[in-house]
Structures are given as C-alpha cells and as structure tokens.
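The structure under discussion appears below in the form of structure tokens.
Nothing in this text is a laboratory measurement; each read-out follows from the coordinates by a stated rule. Please read all numbers here as calculations on a predicted model, not as lab measurements. Glycine also receives a Cβ, built like all others from the backbone with ideal geometry; neighbour counts cover every protein chain displayed.
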Amino acid sequence: MLKASGRDTDLERILAAKDVPKLDKYFRIVHGRGLRPQERIFFETVASALNTSVEDDHIMHLFVAGQYARDADFLSKRIEQAKTSVEQAGERLDRIATDTSNEKRWAIWLLIALVMASFLADVFIAGTVTTLSRRFDAMEAGAVSTTRK
C-alpha cells in the first residue's frame with residue numbers, strides 16, 4: 001500500500017509479519033493510526049449485515065469506496081465554499097471600484113472646473129496688465145509730449 005509521501009516498505013514488512021487484520025493494516029499504512037473503536041463497531045455492523053467477516057475483501061472495498069465518497073463530498077463542499085468566497089470578493093471589489101470611480105468622476109469635474117477658473121483668472125490678469133501697460137504708456141507719452149513743447 002502507498003503512503004502519501006511514498007512507499008513505507010518497513011511498516012508493510014512489520015505488519016505482514018504480525019497477524020494484523022486487513023483493515024488495521026490499511027489504517028496503519030494510510031492514516032498512520034489504528035482503527036478507532038467506533039470505526040471498528042461500524043465495520044463489524046456492516047460485515048454482519050452482509051453476513052461476512054471484517055476480513056472479507058468486500059468490506060475493505062466498501063470501506064475504501066466510502067472513504068473516497070466522503071472525501072469527494074468534503075472536497076466538493078470546500079470548492080463550493082471557495083467559489084462563493086471568490087464571488088463575494090469579486091462583488092465587493094466591483095462595488096469598491098464603482099464607488100471609487102464615482103468619487104473620481106466628481107473629483108475630475110472639480111479639477112476641470114478649477115483649471116477653467118484658473119484659465120479665466122489668468123486671462124483677466126493678462127488683460128488687466130495689458131490695459132494698465134497701455135494706460136501707463138499713454139500717460140508717459142502724454143507726459144513726454146508736454147515736456148517737449
């Protein structure tokens with residue numbers, strides 16, 4: 001039998017030398033522990049219901065199939081939970097992105113308004129400076145023409 005990390009030939013040789021039931025060997029090799037009392041009672045009940053012994057290969061196959069079915073059910077539930085949490089995380093991220101883009105939209109319009117106001121203020125200042133400069137030039141020209149006469 002195979003362990004998760006590889007084949008343990010020493011354990012198999014020790015268990016083969018002893019008079020250990022198949023189910024106990026399976027538990028020792030695969031799970032690294034002995035058969036629990038409630039598990040032993042369950043297998044004895046199943047074996048007696050099928051009019052056979054715990055050592056029968058049929059009981060061993062039923063046990064292994066039951067374990068695979070239980071593990072597959074457990075994994076499918078875990079996958080479903082992971083899928084649900086990924087969907088919820090995606091919904092949260094979508095909500096955050098929507099809220100952020102709405103906030104950014106207002107900020108962008110506010111910045112555009114500030115740029116336009118700044119541009120208008122610059123035009124006003126440039127116009128004022130130009131007007132003052134022309135008036136100053138006109139006053140200076142008038143002052144120069146009066147002093148030449």
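Tabulated data
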quantity: Neighbour-count ranking [beta-carbon atoms within 10 angstrom, fewest first] of M116, M60; calculated: M116, M60
quantity: Cβ-based exposure ranking for L62, L23, L120, in which fewest neighbours within 10 Å come first; calculated: L120, L62, L23
quantity: Extension gain, W106 back to L75 (0.36 nm per residue minus Cα-Cα distance, nm); calculated: 6.5 nm
